[in-house]
Amino acid sequence: MKIFRRACFALVLAASAVAPACAKGKADCVPVVREGWIRLVPGGMPMHAGFGRIENACAMPATVVGARSPSYDSAELHETTLVDGVSRMRAVPELRIAAGDAAVLKPGGLHLMLMDPRAPLKVGSKVVIEFPLQDGRVVRGSFDVRAP
Ligand SMILES: [Cu+2]
């Protein structure tokens, strides 16, 4: 995933005005969420999973220390792992993303556990999820709500 970093440098060299994520000072560069989506569950269960990519095109590593959403009472980063052939989930308190790398949240791996929606979610709508960083800044992502 080093390509982000290289693209970043290239863009900075080419024309700083067209590289919003890179051209600003280091302190202004935050990771971005791409391809975010939420999977509803059949039967209206109040526990959904969220997936997507958190891309860190910045020159510095970033550490995500949690998740929250105005649409849910609770949001956590989880990881599904296979232990002795049994699928288990564990909370991920910190997620470090190296410079030029991305964290991929996908079914069967790293994911968002979204609990107790504050209002029923419609398929096709969008949900905002925020990821506080260790340094106090916040990554804000948009997630598409999809059918089970
Ligand atoms: Cu989970």
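The values are calculated or read from the model by the stated rules, or taken from the named source; none is laboratory data. For clarity, every value in this text was computed on a predicted model and none was experimentally measured. Cβ sites come from the backbone with ideal geometry, for glycine too, and all protein chains shown count toward neighbours. Surface areas here come from the heavy atoms of the whole protein model, side chains and all, with no ligands, DNA or RNA. Shrake-Rupley method; radii C 1.70, N 1.55, O 1.52, S 1.80 Å.
Listed by first and then second residue, the pairs with beta-carbon distance under 6 Å, at least 6 apart or on different chains, first residue in the range 106-117 and among the acidic types (D, E), second assigned to a loop (DSSP other than H, G, I, E, B), are D116/P46. Residues that are closer than 17 Å to G136 by Cα and outside any strand (DSSP E or B) were ranked within the range 34-84; the one that is most open to solvent (accessible area, probe 1.4 Å) is M60. The single condition from (1) within 25 Å of K126 (Cα to Cα); (2) more than 16 Å from the ligand (Cβ to nearest atom); (3) among the basic types (K, R) that R68 fails is (2). Among residues of the range 73-97 that are at pLDDT below 95, those with a Cβ under 6 angstrom from a residue that is of a type in the set (V, I, T), sequence gap 6+ or separate chain, pair up as S87/T80; R88/T81; M89/T80. You will find that of R140, R90, the residue that is away from the ligand (no atom under 15 Å from the Cβ), open to solvent by 70 Å² or more (accessible area, probe 1.4 Å), in a strand (DSSP E or B) and among the charged types (D, E, K, R) is R140 and no other.
One line per residue, one yes/no per condition, for (1) part of a strand (DSSP E or B); (2) basic (K, R); (3) open to solvent by 20 Å² or more (accessible area, probe 1.4 Å):
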{"position": "G100", "(1), (2), (3)": "no, no, no"}
{"position": "A103", "(1), (2), (3)": "yes, no, no"}
{"position": "V123", "(1), (2), (3)": "no, no, yes"}
{"position": "D135", "(1), (2), (3)": "no, no, yes"}
{"position": "V145", "(1), (2), (3)": "yes, no, no"}
